[in-house]
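Following: one structure in structure tokens, then a few remarks.
Derivation of every value follows stated rules applied to the coordinates shown; laboratory data play no part. Just so you know, these numbers come straight off a predicted model, no measurement behind them. No Cβ is skipped: glycine too gets one built from the backbone with ideal geometry, and neighbour counts run over all protein chains shown.
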Amino acid sequence: MADKIYLLPIQEITDVRGYQRGPMYIKWREDLSGLEGYKWGMMDYGFAPFGLVAIRDITAGDHAALSANADVYTFPELDALNTQIDPQDTLDTFFEGIGIPTDWLTPANTYLEFLRQMAAMFQFNQRYGGIAAHETGEFHSIIGDAGGLDVRYSTWSLQAQGWFDETLLWFGYPPVTGNPRLRQLIKMAGDAWGTKPFFLGGIEF
């Protein structure tokens, strides 16, 4: 058994209990199927349909079954996170496809650096979604509001620009200058997190 970190799709349910979100392939409600009996924690990408999930002491068989799903990305063992990303790893295609920029990666970057950048981006989009929801009562993600990673700031709606600027202010990050693409802005938000630790399901990274 081992502690593992995954990127999983998010399951969204709206019923008599209201709106709820949880990780696909994990039994997070009594009326759902999936892996059960594990301690786990989730960090979602705001209201985007993916999240980072840490599972404690997962068995080799359940790990293999979970990793076999095409919409799941599995990070290396925790003690191997600080190794350089394998050139054969297809994470560029996987993560770019769900709105997480990877164009900044070089052969020298490690899985840990990528994981920390991603977590910082997730925290930023969480706050953006919270600000938007407080104002409108609706679920927003900066990826959808901007129209994609390559769309420049000046072409976003004034509403999206306002929520983004307010999120920067909330974190104490510098304001937008020039006319960068969303991928550049999200990366800058990741950089601005600095060396503060992340905690996910009892795992620190």
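Give the order of R17, R127, R29 when sorted by the count of other beta carbons within 10 angstrom, beginning with the fewest. All intermediate terms of the calculation are to be shown ahead of the outcome.
Working: R17 8, R127 19, R29 14.
Result, fewest neighbours first: R17, R29, R127.
Only sites in a loop by DSSP and with at most 10 other Cβ atoms within 10 Å count here; which GluC sites (Glu not before Pro) in the stretch 135-205 make the cut?
Working: sites: E135, E138, E166, E204; in loops: E138.
Taking the stretch 135-205 and a limit of 10 other Cβ atoms within 10 Å, the loop GluC sites (Glu not before Pro) found are E138.
Just rank M1, M42, fewest to most, by other beta-carbon atoms within 10 angstrom.
Details: M1 12, M42 19.
Going from sparsest to densest Cβ surroundings: M1, M42.
How high is the FRET efficiency from W170 to D150, r the C-beta distance, R0 22 Å, rounded to 0.05?
Numbers: r = 25 Å, r/R0 = 1.15.
Computed FRET efficiency for W170 and D150 comes out at 0.30.
On a full-extension model of 0.36 nm per residue, what is the gain between K196 and S33, subtracting their alpha-carbon distance, rounded to one decimal in nm? Before the final figure, lay out the partial values.
Details: separation 163, 0.36 × 163 = 58.68 nm, distance 3.55 nm.
Extra length from K196 to S33 when fully extended: 55.1 nm.
With an 8 Å Cα cut-off and a minimum separation of 6 or more residues, compute the relative contact order for the chain in percent.
On the way: 309 pairs, mean separation 42.9, N = 205.
The value is 21 percent.
For the chain, set up a GNM with springs between Cα atoms under 10 Å and report which of D89, D44, D150 has the largest fluctuation.
D89
Tell me the label only: which of (1) 17.9; (2) 19.2; (3) 18.5 is Kirkwood radius over Cα pairs in Å as calculated from this structure?
Read-out from the structure maps to (1).
Suppose every K and R has +1 on its Cβ and every D and E has -1 on its Cβ; what is the size of the dipole of the stretch 82-197 about the Cα centre, in Debye to the nearest 20? Let's see the in-between values first.
Details: 7 positive and 13 negative charges, 50 e Å.
Around 240 debye, computed over the stretch 82-197.
Report the calculated FRET efficiency for N109 and S67 (r = Cβ-Cβ distance, R0 = 22 Å), to the nearest 0.05.
Values: r = 22 Å, r/R0 = 0.99.
Efficiency, from the Cβ-Cβ distance: 0.50.
Quote to one decimal, in nm, the extra length available between N179 and E77 on full extension: 0.36 nm per residue of separation minus the C-alpha distance between them. Don't skip to the answer; put the middle values down first.
On the way: separation 102, 0.36 × 102 = 36.72 nm, distance 3.89 nm.
My answer for the length gained is 32.8 nm.
Quickly estimate the mean residue ellipticity at 222 nm for the chain, helices only: each DSSP H run with n ≥ 4 gives -39500 (n - 2.57), and the total goes over all residues, rounded to 500.
Values: 6 runs with 70 residues, N = 205.
The helix-only estimate for the chain comes to -10500 deg cm²/dmol at 222 nm.
Which aspartates and glutamates have a Cα less than 20 Å from the Cα of K196, not counting those fewer than 8 places away in the same chain?
Partners found: D44, D79, E113, E204.
Where in the chain are the DSSP H helices whose C-alpha atoms run 30 Å or more along the long axis and whose mean Kyte hydropathy is at least -1.0?
Details: long enough: 111-136 (37 Å, -0.22).
For the chain, where a helix must reach 30 Å along its axis and average at least -1.0, the hits are 111-136.
Please compute the contact order of the stretch 1-74 in relative form: average sequence separation of alpha-carbon pairs under 8 Å and at least six residues apart, divided by the residue count, as a percent. Mind showing how you got there, number by number?
Values: 123 pairs, mean separation 30.1, N = 74.
For the stretch 1-74, the relative contact order is 41 percent.
If each residue of separation counts as 0.36 nm, what is the full-extension length gain between T90 and E135 once their alpha-carbon separation is subtracted?
Numbers: separation 45, 0.36 × 45 = 16.20 nm, distance 3.82 nm.
Stretched out fully, the T90 to E135 stretch lengthens by 12.4 nm.
Under a 10 Å cutoff between Cα atoms, tell me which one of Y38, Y25, Y111 has the largest fluctuation in the Gaussian network model of the chain.
With Cα springs under 10 Å in the chain, the top fluctuation among Y38, Y25, Y111 is at Y38.
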